[in-house]
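The values are calculated or read from the model by the stated rules, or taken from the named source; none is laboratory data. Since the model is a prediction, treat every value here as computed from it, not as a measurement. Neighbour counts are summed over all protein chains in view; Cβ atoms, including those assigned to glycine, are modelled from backbone coordinates with ideal geometry.
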Amino acid sequence: MNDRPIQIEFQLNGELRTLEVEPRARLLDVLRYEIDCPGTKEGCGEGECGACTVLLDGLPTNSCLVPAWQARGREVVTIESVTPEDVSRMLDAGTTQCGACTPGVVMTARWAEANPELLAQFDLRQLMAGNLCRCTGYDGIIDGIELPSGQEAD
Amino acid sequence: MRVHLASSLQDALAFKATEPDAWPIAGGTDAMVHWPGAHEMHERTWLDLSHLNELRTVEFRDDFVELGALATYWDVIRDARFTALPLLPQAAATVGAVQIQTRGTWAGNIANASPAADGVPALMAYDAEVVLGSRDGGERVVALADFYHGYKQLEARPEELITAVRVPLRAHDHQDFIKVGSRAAQAITKVGLAYAHSSEGWRIVANSMAPTVCRCAAVETLVAAGTAVAGPDDLADAIAEDLTPIDDIRSTGAYRLRVFGRVLYHALQPICDSFS
Ligand SMILES: Cc1cc2nc3c(=O)[nH]c(=O)nc-3n(C[C@H](O)[C@H](O)[C@H](O)COP(=O)(O)OP(=O)(O)OC[C@H]3O[C@@H](n4cnc5c(N)ncnc54)[C@H](O)[C@@H]3O)c2cc1C
Ligand code: FES
Ligand code: FES
């Protein structure tokens, strides 16, 4: 229980991973530097910007606020699971400019697309409010999200 | 840094009994802020509660709701039964953004004891109780309104963990949660008000207005007594008796007092005959 590495196992994009993590490593650090999934970005490192968003057990989560040992036994889905076809609408809509926010934006957006029932309770801009973007002015992000037919983003 | 990954509530309570200085961690949304550079965090012993499914519960009983210590804001936002306690989903939806709501817990909000906490005032307006557990002391239930003795001073013993929060199910004819921040999303409260009226009377709670979230006894008395209030200034004396807001990076004490009076007046004027 001391300063020693901790062994954890978790599902990463559908594949079981077993590794040792330093007690102070964040999920973000492990993804980027231990298992070669650098698609997830670090912006603020304090939960404000959403650049580090991954899906943890299916829910959008800032991986900068998760100690890696809390991911044990969980399912983690990152931007590496996303194909160009998955985001073709975003590529057309101007969802990305510099790209720093984009991996996080895509993960939250894909969660919203996969759970259209949320739109009965929230508007899309509310669901996306935890993903800050300094470039696009957000319209390109909202336009890039595929809604079920009949639903219009505002 | 030392980490204990609790495997059951019993295991967590046993660990806290032997290591009362250990820091519990649930959603990590307070604990992990500034983590990489926060060296004092790395000196600590952490007690991870995040895998205790027995605490990830929301139970509606006959006359109260019990939120297990791992119940998150998102659990409440997505549970239609909370239309019976609308201040809870209302407050939850103002906490950070979705990524924070899916991780942050009500118990963590209580234990973190920020004066700006948004979950706490909603719970306090409903007379919530904090359930504390310990290995040797069993269960202890404390009213949330009595839980804070001063800035970050809790009515919890070092060997105790919060195991649940109980919220009475009462009929409320008036209630609201109002948060004044710098912007609509992802903003910390500068001035906050939660109020609820039931057969038990008025509960008027302020956050970011004193060293702790607190009920406003003088304001509650004035409203219950039906004292005539012709405008926000008529509330100023009672507010000054209850609240001592400070100047900090987000706002000034003077601004907070002025805005709180106006928010309170405009909230109650349409529903209280004594407010003209
Ligand atoms: C970007 C961002 C925005 C935020 N916005 C808001 C906001 O608008 N309003 C707001 O109120 N909060 C906000 N927060 C703060 C935070 O989300 C809440 O306070 C949250 O409820 C804390 O819960 P947690 O489970 O994440 O706590 P943790 O970080 O795990 O723990 C917080 C504290 O509580 C203690 N603790 C946790 N569980 C227990 C337990 N069962 N028994 C005893 N002690 C315990 C821990 O030791 C620690 O001291 C924000 C945070 C971030 C990062
Ligand atoms: S890097 Fe995690 S929220 Fe900004
Ligand atoms: S594209 Fe540059 S921050 Fe969003």
**OP:** Select from the stretch A:51-61 the residues that are of a type in the set (A, V, I, L, M, F, W, C) and more than 9 Å from ligand 2 (Cβ to nearest atom) and write down the one among them that is nearest to the other protein chains (Cβ to nearest Cβ).
**Re:** A:Leu59
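Yes or no, residue by residue, for (1) of a type outside the set (Asp, Glu); (2) farther than 17 Å from B:Leu49 by Cα; (3) surrounded by 19 or more Cβ atoms within 10 Å (Cβ to Cβ):
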position: B:Asp127; (1), (2), (3): no, yes, yes
position: B:Leu132; (1), (2), (3): yes, no, yes
position: B:Arg135; (1), (2), (3): yes, no, no
position: B:Val141; (1), (2), (3): yes, yes, no
position: B:Pro158; (1), (2), (3): yes, no, no
position: B:Ile162; (1), (2), (3): yes, no, yes
position: B:Val165; (1), (2), (3): yes, no, yes
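Taking the conditions exactly as written (outside any strand (DSSP E or B), among the polar types (S, T, N, Q) and either out of contact with any Asp or Glu (no Cβ under 8 Å at 6 or more places or on another chain) or away from ligand 1 (no atom under 11 Å from the Cβ) (or both)), does B:Thr94 satisfy them or not?
Working: outside any strand (DSSP E or B): yes; among the polar types (S, T, N, Q): yes; either out of contact with any Asp or Glu (no Cβ under 8 Å at 6 or more places or on another chain) or away from ligand 1 (no atom under 11 Å from the Cβ) (or both): no.
No.
This table checks each residue for (1) assigned by TED's automatic domain parsing to the domain that holds A:Ile141; (2) among the aliphatic types (A, V, I, L, M); (3) within 30 Å of B:Phe15 (Cα to Cα).
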residue	(1), (2), (3)
A:Arg26	no, no, yes
A:Gly47	no, no, yes
A:Ser63	no, no, yes
A:Ala68	no, yes, yes
A:Cys98	yes, no, no
A:Val105	yes, yes, no
**OP:** Report yes if A:Cys64 is buried (at least 24 other Cβ atoms within 10 Å of the Cβ), over 13 Å from A:Arg26 (Cβ atoms) and within 14 Å of chain B (Cβ to nearest Cβ), otherwise no.
**Re:** no
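Taking A:Gly104, is it within 16 Å of ligand 2 (Cβ to nearest atom), surrounded by 12 or more Cβ atoms within 10 Å (Cβ to Cβ) and touching a residue at least 12 places away in the same chain (Cβ under 8 Å)?
Here the answer is yes, as A:Gly104 does meet what is asked.
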Original post:
From the set of residues in the stretch A:20-50 that are surrounded by fewer than 15 Cβ atoms within 10 Å (Cβ to Cβ) and either assigned to a strand (DSSP E or B) or within 16 Å of ligand 1 (Cβ to nearest atom) (or both), which is farthest from the other protein chains (Cβ to nearest Cβ)?
Top reply: A:Glu20
Original post:
Taking the stretch A:90-101, which residues are surrounded by 15 or more Cβ atoms within 10 Å (Cβ to Cβ) and either more than 12 Å from A:Leu132 (Cβ to Cβ) or without any contact (Cβ under 8 Å) to a residue 12 or more places away in the chain (or both)?
Top reply: A:Met90, A:Ala93, A:Gly94, A:Thr95, A:Thr96
Original post:
If you scan the stretch B:239-258, which residues turn out to be in a helix (DSSP H, G or I) and under 13 Å from B:Ser208 (Cβ atoms)?
Top reply: B:Gly253, B:Tyr255, B:Arg256, B:Leu257
**OP:** Would you be able to tell me the number of residues in the stretch A:73-111 that are outside any helix (DSSP H, G or I) and either closer than 21 Å to A:Asp123 by Cα or away from ligand 1 (no atom under 16 Å from the Cβ) (or both)?
**Re:** 16
**OP:** Would you be able to tell me the number of residues in the stretch B:97-121 that are closer than 28 Å to B:Ile246 by Cβ and either among the β-branched types (Val, Ile, Thr) or outside any helix (DSSP H, G or I) (or both)?
**Re:** 12
Subject >> Selected residue [crowded, with 16+ Cβ neighbours inside 10 Å, within 14 Å of another protein chain (Cβ to nearest Cβ) and more than 17 Å from A:Trp69 (Cα to Cα)] from B:Thr83, B:Thr29, B:Thr94, B:Thr18 >> reply: B:Thr94
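The rows are residues; the columns are (1) farther than 26 Å from B:Gln269 by Cα; (2) within 16 Å of ligand 1 (Cβ to nearest atom); (3) among the hydroxyl-bearing types (Ser, Thr, Tyr).
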residue: B:Gly133; (1), (2), (3): yes, yes, no
residue: B:Val191; (1), (2), (3): no, yes, no
residue: B:Cys214; (1), (2), (3): no, yes, no
residue: B:Val219; (1), (2), (3): no, no, no
